[in-house]
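Novice: The following block contains the structure, expressed as structure tokens.
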Amino acid sequence: MHALANSRIDDLVIENRIRAKVLFYFGIKFYETSEQTLAQACAAKGLSVQQVVREFEQADADAATSSLPLVNYPIELIIEYLKHAHFVFVKHTLPYLGRLIDSFQPPPGPYFTIGKDLKLVYPLLLEDFIHHIYEEEDTLFTYILALDRALAGHYPPGKLYFTMEKNSIHRFAVDHEAHEDEMAGIRSITNNYQLEGVAPVHLKIIYAELQAFEESLERHASVENNILFPKAMDLENAVRQKMREKVSLN
């Protein structure tokens, strides 16, 4: 049996927060099995310890994977990359965070109010964030892909004219910057994810996951601001130039 089999669930997740997420998706809630060993928790669910440990290792490997050199990718692949990140946020990261926060029973003491505030604020963050993602895909991404097809000659000129009259990459970029700091409220509640004194393990994992999510959002925003928008502006300018040349020939 693996060396981790006799480790307490509490110790495993304190050592590495990613293990808490792996256990969660196997149906093992670390905050309900904290005193059990990994072997005991797996036996209760009919799971193989080796299988769970392999998933621990795979999750660590995935987290350590370096970023793709997206600056060299064509714009449609950059958009696919961003849409996949949206999918992971909406279908995996955010529901997991929601379950962690909703199931947290804050004990009397310094973290009681924080626990209550997180339960109130997180659903608002979730609603706003999901709305922002879908709006971005429906407007910005759709417009950029239309420009990409237009440059290749696969977009009706009349429709293209009206599409470009209604949209502007510069305006999208300004609006995007205004919506970037979705986590300001969470940072305020958690004092920038700082824990003082003896904090519940459950809350430690919540803070670690919230901070990891914010770091993911920062990387995501960096791809959009430093790669997607510059490429999209160049694309928009190229399409405008192509339109001017076509008009001058008529």
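Novice: I'd like the full set of residues that are polar (S, T, N, Q), more than 17 Å from P107 (Cα to Cα) and open to solvent by less than 80 Å² (accessible area, probe 1.4 Å), limited to the stretch 184-211.
Specialist: Initially, the stretch 184-211 is screened for residues polar (S, T, N, Q), giving 188, 190-192, 194, 211.
Going one step further and asking which of them are more than 17 Å from P107 (Cα to Cα), we end up with 188, 191-192, 194, 211.
Selection gives Q211 alone.
Novice: Would you mind finding the one in K119, K91 that is among the basic types (K, R) and either closer than 19 Å to A208 by Cβ or touching a Leu at 6+ places or on another chain (Cβ under 8 Å) (or both)? Even if it seems obvious, please write down each step before you answer.
Specialist: Details: K91 fails: either closer than 19 Å to A208 by Cβ or touching a Leu at 6+ places or on another chain (Cβ under 8 Å) (or both).
Among K119, K91, only K119 is among the basic types (K, R) and either closer than 19 Å to A208 by Cβ or touching a Leu at 6+ places or on another chain (Cβ under 8 Å) (or both).
Novice: Answer yes or no as to whether I186 is touching a residue at least 24 places away in the same chain (Cβ under 8 Å) and under 30 Å from S34 (Cβ atoms). Full working, then the answer.
Specialist: Numbers: touching a residue at least 24 places away in the same chain (Cβ under 8 Å): yes; under 30 Å from S34 (Cβ atoms): yes.
Considered against the rule, which asks whether it is touching a residue at least 24 places away in the same chain (Cβ under 8 Å) and under 30 Å from S34 (Cβ atoms), I186 comes out as yes.
Novice: Any idea which residue in the stretch 13-24 is nearest to P200 (Cα to Cα), counting only those that are touching a residue at least 40 places away in the same chain (Cβ under 8 Å) and assigned to a helix (DSSP H, G or I)? Walk me through how you get there before you give the answer.
Specialist: Within the stretch 13-24, the subset touching a residue at least 40 places away in the same chain (Cβ under 8 Å) is 13-14, 16-21, 24.
Now restrict to residues that are assigned to a helix (DSSP H, G or I): 13-14, 17-21, 24.
Values: V13: 12, I14: 11, R17: 14, I18: 17, R19: 17, A20: 14, K21: 17, F24: 18 Å.
Checking each candidate, the answer is I14.
Novice: To continue, here is another question. Could you please give the count of residues in the stretch 26-53 that are more than 22 Å from Q105 (Cβ to Cβ), open to solvent by 30 Å² or more (accessible area, probe 1.4 Å) and part of a helix (DSSP H, G or I)?
Specialist: The total comes to 5.
Novice: So P110 clears everything in (1) assigned to a helix (DSSP H, G or I); (2) surrounded by 12 or more Cβ atoms within 10 Å (Cβ to Cβ) except one condition, right? Which one?
Specialist: (1)
Novice: Output the number of residues of the stretch 89-107 satisfying the condition of being assigned to a helix (DSSP H, G or I) and open to solvent by less than 70 Å² (accessible area, probe 1.4 Å).
Specialist: Going through the stretch 89-107 one residue at a time, the tally reaches 11.
Novice: Further question on the same structure: Checking E214 against (1) surrounded by 14 or more Cβ atoms within 10 Å (Cβ to Cβ); (2) closer than 30 Å to I28 by Cα; (3) of a type in the set (D, E, K, R); (4) touching a residue at least 40 places away in the same chain (Cβ under 8 Å), which single condition isn't satisfied?
Specialist: The single condition E214 does not satisfy is (4).
Novice: Do you know which residues across the stretch 131-173 are farther than 23 Å from L94 by Cβ, aromatic (F, W, Y) and surrounded by 14 or more Cβ atoms within 10 Å (Cβ to Cβ)?
Specialist: Once the filter is applied, which keeps residues that are farther than 23 Å from L94 by Cβ, aromatic (F, W, Y) and surrounded by 14 or more Cβ atoms within 10 Å (Cβ to Cβ), the stretch 131-173 yields Y143, Y155, F172.
Novice: If you don't mind, there's one more thing I want to ask. Just to be sure before I move on: is H176 at pLDDT below 90, under 23 Å from E80 (Cβ atoms), loosely packed, with under 15 Cβ neighbours inside 10 Å and of a type outside the set (A, V, I, L, M, F, W, C) in the structure I sent?
Specialist: On the way: at pLDDT below 90: yes; under 23 Å from E80 (Cβ atoms): yes; loosely packed, with under 15 Cβ neighbours inside 10 Å: no; of a type outside the set (A, V, I, L, M, F, W, C): yes.
Answer is no for this residue.
Novice: Might you let me know whether the stretch 62-75 holds any residue that is of a type in the set (G, A, S), surrounded by 13 or more Cβ atoms within 10 Å (Cβ to Cβ) and out of contact with any Cys (no Cβ under 9 Å at 6 or more places or on another chain)?
Specialist: In the first step, residues of the stretch 62-75 are kept if they are of a type in the set (G, A, S); the result is 63-64, 66-67.
Retained after the next criterion (residues that are surrounded by 13 or more Cβ atoms within 10 Å (Cβ to Cβ)): none.
Within the stretch 62-75 (the criterion being of a type in the set (G, A, S), surrounded by 13 or more Cβ atoms within 10 Å (Cβ to Cβ) and out of contact with any Cys (no Cβ under 9 Å at 6 or more places or on another chain)), the answer is no, since none of the residues qualifies.
Novice: Would you please name the residue that is least open to solvent (accessible area, probe 1.4 Å), looking only at residues in the stretch 76-85 that are under 13 Å from the mean Cα position of the chain (by Cα) and in contact (Cβ under 8 Å) with a residue 24 or more places away in the chain?
Specialist: So the first thing to find is which residues in the stretch 76-85 are under 13 Å from the mean Cα position of the chain (by Cα), and the list is 81-85.
If we keep only those that are in contact (Cβ under 8 Å) with a residue 24 or more places away in the chain too, we end up with 81-83, 85.
Values: Y81: 84, L82: 0, K83: 72, A85: 19 Å².
Among those that are under 13 Å from the mean Cα position of the chain (by Cα) and in contact (Cβ under 8 Å) with a residue 24 or more places away in the chain, it is L82.
Novice: In addition: Could you list, in sequence order, all residues of the stretch 233-250 that are out of contact with any Leu (no Cβ under 6 Å at 6 or more places or on another chain) and under 16 Å from N72 (Cβ atoms)?
Specialist: D234
Every residue, every condition in (1) under 21 Å from D175 (Cα atoms); (2) of a type in the set (K, R); (3) open to solvent by less than 80 Å² (accessible area, probe 1.4 Å), yes or no:
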position	(1), (2), (3)
F87	no, no, no
G115	no, no, yes
L125	yes, no, yes
F129	yes, no, yes
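The values are calculated or read from the model by the stated rules, or taken from the named source; none is laboratory data. Everything quoted here is computed from the prediction, not taken from an experiment. No Cβ is skipped: glycine too gets one built from the backbone with ideal geometry, and neighbour counts run over all protein chains shown. Keep in mind that these areas ignore ligands, DNA and RNA; they rest on the heavy atoms of the full protein, side chains included. Shrake-Rupley method; radii C 1.70, N 1.55, O 1.52, S 1.80 Å.
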